[in-house]
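The values are calculated or read from the model by the stated rules, or taken from the named source; none is laboratory data. No experiment lies behind these values; they were computed from the predicted model shown. Virtual Cβ from ideal backbone geometry, glycine too; neighbours counted across all protein chains shown. Note: areas computed on protein heavy atoms with side chains; ligands, DNA, RNA excluded. Shrake-Rupley method; radii C 1.70, N 1.55, O 1.52, S 1.80 Å.
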Amino acid sequence: MNTILNEKKEFPMLEAVNLTKKYEDGLLALDDVNFKVHQGEIYAMLGGNGAGKTTTINIFLNLIEPTSGETKINGIVTHQQPLEAKKHVSFVSENVMLYPEFTALQNLDFFTRLGGKTNLTKDDYRQVLLRVGLQEDAHSKKLKGFSKGMRQKCGIAIAILKNSPTILLDEPTSGLDPKAGLEFMTLLDELRDEGKSILMSTHDIFRAKEIANTIGIMNNGKLVMQRSKAELENADLEKLYVEYMAGYMEEVA
Amino acid sequence: MLSLLIKKELKEIIGSSKFVYSFAVSALLILITFYVGAKNYQINKSQYDAAVAENIRSMSGVTDWRMINHKIFLPPLPLASLVSGISNDVGRNIGMQGRGELIAKDSKYNEEPIFAVFRFLDLNFLFQIILSLFAILFCYNAVNGEKERGTLRLVFSNAIPRDTFILGKVLGSTIALILPLLVPMLIGFLLLLVLGVPMSFEDWMKLFLIIVTGFLLFSVFINLSVFVSIITKNSATSFLLLLVTWIFFVLVIPKTSVLIAGRAVNVPLIDELNTKKNQFSMQLNREHFNSLSGFKPANKDNFMQEFQQFMEKNNQAREEKTKSFNEKLNRERINRQEVQHAVALNLARISPSASFSLAASSFAGTSLNLVSNYREQADNYQKQFAKFQQEKTGMTSGGGGMMFVIRTDGDKKPPEINPAELPKFEFKPASFSASLGSGLIDIGLLFVFNIIFFAAAYLRFLKFDLR
Amino acid sequence: MFRLLVEKELKNIIQSPKFLATFLTCSFLILLSIGIGINEYFNMMEQYNTAKNLAKTEMAQARSWMALSAKAFREPDPMQIFSAGVNYDIGRYSIVHERQDSKLQNSVYSDDPIFAVFRYMDFTFIVTVVFSLFAILFTYNTVNGERENGTMRLVFSNAIPRSTFISAKFVGSWLGLVIPLLVPILVGLLLLVVFKVPLSAAHWIKIIMLISTSVLYLTFFIAFGILISAVTKYSSVSFMILLVSWITLVFIIPRIGVMTASQFISVPTVAELESQKDSFSKARWEKHYGEIEKVWRARNAEMNGMSEADRQSYREENEYKWFEEDDKVRNEVQKEITEYSSKLSDDVRNRKATLENLALNISRISPASSFQLAAMNLSTSDINLKNRYEKEIQNFRQTFSTFTQKKQKESGGQAGMFRISIDSQSGVKISSGRDESSLNLREVPKFTQPSHTISQAVVPTIIDIGLMMFFTLFSFGGAFFSFNKYDLR
């Protein structure tokens, strides 16, 4: 059921252009951020709490509007045509609780239909749930008894089922055990091979380096560093990260 | 898309464990309400029948229609046991005489204060207290709860317009909560049939209207809850806010508005009226007795008949004076009362719960109109009764005190009266159209409340911070 | 250690945003209810005084002792400020007359049904409904909420005995809820003083008892909330259970109790009862007048053969004696009727008492009804209020009619009625037996309110207070016991 995109698109699937967000209380959450994610690429945003990663994702989802600049999904400006743009994106958030009174299958069914796919069967859902690593006996249980990791798997399954060309991931691996984390990375790899463009925010430097095509480090609303995998091949990312963070520390001190 | 959202709301509510508990409680209560209502009706009916039978029985052996101690009673109405209104507070028994003012005595609560202590379980209580809480319980976190669980972001990562979402929310919740409650309601209807409560077609229409109005109130609370869940950040706050609003709607506003009206509009004391009436009638009585000595029979053989005619003429004149005097006093008091009622009820209508309660009691015939309705019909019956007495005896009874006719001239005992000849008093509750008319304003208000709260929720959600 | 935990509990309650909202609501409602109560009391008092004066002027109009009737009024008691009970439902006064059965009539609600539309909101009502709700709101997650937050594991990573923890929970919640609520209550009491509500020492004792009972009631719901939060895993579940229990305890059981009892015991209605009384009295009077007829015929027969002038003088000579004889018989008949009707009333009253006891006992399953019953007893607005008054009025009627009979005799003349005799020869003759000057009412006995001592008010509350204590201890014990086995993870 996963359709592999045959022709590679010329323009970036996900793009932030001069993205700036200033909140009403004067806080500058994003300051002129620019990046592009092409088809079949994974872009990892690194950064501490409050760096602006989630704000970026929220703007992509049109949950908030940018002060200036714009985000584009599949070339569509999100805050101009939000509904059109959202047809081409799936989203996995950190610690989503989903509907506690729904079973895993019911949650999947609701969100897939919401995403516009109405012709899927229970077997499709089960297949995807198995693919993300959720045991068969949990499929028909209510979410309120699920652990963090199990809920996260459901969230990922929802994103897979929507089968959109782009995926936004907000701290997807937090709360997952190492084994699940590894499985998740493998899954991302597969999704990229299928031609998806993936934007993920994360704290996990090592995983990011391992999987991302491009890594951006955000600090205080600015994209302070952006390197491709090749550029980072021999660099010590951890050191770089700490250096940029230290810069931030100095700035605020 | 909308139907998907509605379906989700349905599944989420009906599938939740709290639904199982609270639905079970509500359903049980609905059934108990209907059962108890039917049973109460039967008890009241048998008491009423016994009183009527005793009234007739007490007339057996009496030889003069002026000597009967006739009473009429307010019959129990099937709907009054489902929405009691003020039916337990109004006097039910009226001592009937050919003339004189009629006074309804012995309200149910005065007679049996035990029932006044904890009140009754009826549809009014059910919708006002239980079901409105039920609505709050399921909708207090309609929006902020989704935000807390993170599902709101997930939902809006799809191509969902905000207005579709909020519409789906309200419609879904309304359907999910109302549909299941219809089942016990229908069983309740069946119970009325099975237990043999004599409901006329009009009664069914009225009951249907009561239920519809009840669900209008129910959806006011759904809309209000959704609105509050939008304007508050976390669900604990919205629950508290709703609970406080609920207390104000159900308890504080209606009660204080009545008290405010009581202060604002002065209604003369009933005791004052009674004293004035008594003084006036005493004065007339003295005049009457003085005039009696002036009676001189023209024909000695037929003097008894002549005397009766004289008395009757006298009585009638007296009756007319008393009547116009009393009516003037009563009218004044009733006018003041009507102003007071208008102030109280209109103030109370700030609360949708009060609107419902007023509408329901209007439909059930247990609103304040019951008092005037009963009084009017009793007055009409009095005329009928007076005519009957007049035909039978050439005289009407009344003016307080018992009448005994003693013959010392050794006549044979006259034949006994036949109580079956007595005209029957049949109380007719307000017609369907009349009660609909008086309840229409409240139905309208409930619609307005629904629209206001829904519009508020809708507009606020368009600007809601989805993060 | 215990102290620290109590302090934490207190802070946790008082610092929460919901505390401010609930505290303000409760304070507002308490003050509103007491304010309304005071206003209503003065209003009733005014009405009472006016009505009493009116009754006096009405009495002054009477022209004969036998026609004189009094009214016995129920005096408003300032305790009604706290619990209206059946005050507005039962009649305000009774007419007292030798030949009229006395019973309370004209209740506030039947006079002005508008007040019945939404009923009164008194202090007892606020405590019953609102206090209990708020107690639940603050305790539903005391135990399982800590588990959900993860603070429970943290607390028990220290050397804390479970018993200390759960006791501190209880004490802390109690202090956090009861002490703040005492503030508006005390302000309310101040209002009583400021508005000069006439309160005796006995009243103050009853008020203090009533407030203590309210605190006990609140304590029950605190303990109950902790119990449920200690036997359930999730706070959402405990909340549901508590809300359902609240509805059941506060609204359903009391009502069902009364209705269940009424299904078992049927009591004849007043209408039926009165009709029975009436027909008895009518039959009795008819018999009496039948006898009187014979007597008069006999008297007429004595005059047979006399000349018209002799007749006249014989009649005048004997008339007073005859009236006296008639009067005596008449009094006996009246006594018989009174006895019959009070026997009938007693009979019904006893059957009613059975119904009431059964109903109240069923409803006592719920502490909410226990509390309301105790509050009504302390406020002397309980269901026996009517019986107390009617009994006292019955006694007064005896005194009153003995007095009027005596006076009637002294003043001479016959039974206070007008006698219209029609004779084929002499036409209509009206005799009232006495002159028409007004009566000297100074010596007329006055109705005194039934005495209801403190102990009479307090004793019936013992069972209710005892039951509430039992339920509270039971809940706390249950919480204590189940927390000892609670899965702390």
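Across segment B:81-99, which residue is most open to solvent (accessible area, probe 1.4 Å) among those that are small (Gly, Ala, Ser) and outside any loop (DSSP other than H, G, I, E, B)?
First pass over segment B:81-99, keeping only residues small (Gly, Ala, Ser): B:81, B:84-85, B:87, B:91, B:95, B:98.
Now restrict to residues that are outside any loop (DSSP other than H, G, I, E, B): B:81, B:95.
Values: B:SER81: 20, B:GLY95: 41 Å².
Here the residue is B:GLY95.
Hey, does segment C:319-333 have a residue that's within 11 Å of another protein chain (Cβ to nearest Cβ) and out of contact with any Phe, Trp or Tyr (no Cβ under 6 Å at 6 or more places or on another chain)? No, every residue in segment C:319-333 fails to be within 11 Å of another protein chain (Cβ to nearest Cβ) and out of contact with any Phe, Trp or Tyr (no Cβ under 6 Å at 6 or more places or on another chain). Looking across segment C:98-122 at every residue that is open to solvent by 20 Å² or more (accessible area, probe 1.4 Å) and among the hydroxyl-bearing types (Ser, Thr, Tyr), the one that is farthest from the other protein chains (Cβ to nearest Cβ) is identified as C:TYR120. On the stretch given as segment B:248-273, residues that are at the interface with chain C (Cβ under 9 Å from one of its Cβ atoms), more than 30 Å from C:PHE28 (Cα to Cα) and either aliphatic (A, V, I, L, M) or open to solvent by 40 Å² or more (accessible area, probe 1.4 Å) (or both) total 3.
Here is a yes/no grid of residues against (1) open to solvent by less than 40 Å² (accessible area, probe 1.4 Å); (2) of a type in the set (A, V, I, L, M); (3) modelled with pLDDT of 90 or more:
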residue	(1), (2), (3)
C:LYS56	no, no, no
C:ALA60	no, yes, no
C:ARG63	no, no, no
C:SER69	no, no, no
C:ARG74	yes, no, yes
C:ALA84	yes, yes, no
C:ASN87	yes, no, no
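Of all residues in segment A:113-130, which are surrounded by 12 or more Cβ atoms within 10 Å (Cβ to Cβ) and closer than 19 Å to A:HIS88 by Cα? Once the filter is applied, which keeps residues that are surrounded by 12 or more Cβ atoms within 10 Å (Cβ to Cβ) and closer than 19 Å to A:HIS88 by Cα, segment A:113-130 yields A:ARG113, A:LEU114, A:GLY115, A:GLY116, A:LYS117, A:LEU120. Of the residues making up segment B:129-158, just one is among the aliphatic types (A, V, I, L, M) and touching a strand residue (DSSP E or B) at 6+ places or on another chain (Cβ under 9 Å), namely B:LEU154.
If you check B:ALA104, B:ALA24 for being buried (at least 17 other Cβ atoms within 10 Å of the Cβ) and within 10 Å of chain C (Cβ to nearest Cβ), only one passes: B:ALA104. The number of residues in segment C:300-312 being open to solvent by less than 60 Å² (accessible area, probe 1.4 Å), more than 22 Å from C:LYS328 (Cβ to Cβ) and in a helix (DSSP H, G or I) comes to 0.
Working only within segment C:361-391, note down all residues that are of a type in the set (Lys, Arg) and facing chain B (nearest Cβ under 9 Å). Answer for segment C:361-391, where residues must be of a type in the set (Lys, Arg) and facing chain B (nearest Cβ under 9 Å): just C:LYS386. Can C:VAL127 be described as β-branched (Val, Ile, Thr) and open to solvent by 20 Å² or more (accessible area, probe 1.4 Å)? No; evaluated as a whole, the condition is false for this residue.
When C:LEU54 is tested against (1) in contact with a Ser or Thr (Cβ under 6 Å, 6 or more places away or on another chain); (2) among the aliphatic types (A, V, I, L, M); (3) in contact (Cβ under 8 Å) with a residue 24 or more places away in the chain; (4) not in a loop (DSSP other than H, G, I, E, B), only condition (3) is not met. With respect to (1) among the polar types (S, T, N, Q); (2) closer than 30 Å to C:CYS26 by Cα; (3) at the interface with another protein chain (Cβ under 10 Å from one of its Cβ atoms), the lone exception for B:SER238 is condition (3). Meeting the requirement of 3 or more residues that are within 29 Å of B:TYR48 (Cβ to Cβ) and open to solvent by less than 20 Å² (accessible area, probe 1.4 Å), the helices (runs of 4 or more DSSP H) wholly within segment B:107-217 are B:108-111, B:113-118, B:162-194. A single entry from B:GLY85, B:GLY91 fulfils the requirement of being of a type outside the set (Lys, Arg), at the interface with chain C (Cβ under 9 Å from one of its Cβ atoms) and at positive phi: B:GLY85. Among the residues of segment C:107-158, the ones that are of a type in the set (S, T, N, Q), assigned to a helix (DSSP H, G or I) and farther than 13 Å from C:CYS26 by Cα come to 5 in all. For segment B:335-365, residues that are within 12 Å of the chain's Cα centre (by Cα) and either at the interface with another protein chain (Cβ under 10 Å from one of its Cβ atoms) or open to solvent by 10 Å² or more (accessible area, probe 1.4 Å) (or both) total 5.
Residue by residue, here is whether (1) open to solvent by 60 Å² or more (accessible area, probe 1.4 Å); (2) over 19 Å from B:SER397 (Cα atoms); (3) at pLDDT 75 or above holds:
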residue: B:MET282; (1), (2), (3): no, no, yes
residue: B:ARG286; (1), (2), (3): yes, no, yes
residue: B:PHE289; (1), (2), (3): no, no, no
residue: B:ASN302; (1), (2), (3): yes, yes, no
residue: B:PHE310; (1), (2), (3): no, no, yes
residue: B:ASN315; (1), (2), (3): no, no, yes
residue: B:ARG318; (1), (2), (3): no, no, yes
residue: B:THR322; (1), (2), (3): no, no, yes
residue: B:ASN326; (1), (2), (3): no, no, yes
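Determine if segment C:286-299 includes at least one residue that is away from every other protein chain (no Cβ under 12 Å) and assigned to a helix (DSSP H, G or I). For segment C:286-299, residues away from every other protein chain (no Cβ under 12 Å) and assigned to a helix (DSSP H, G or I): absent.
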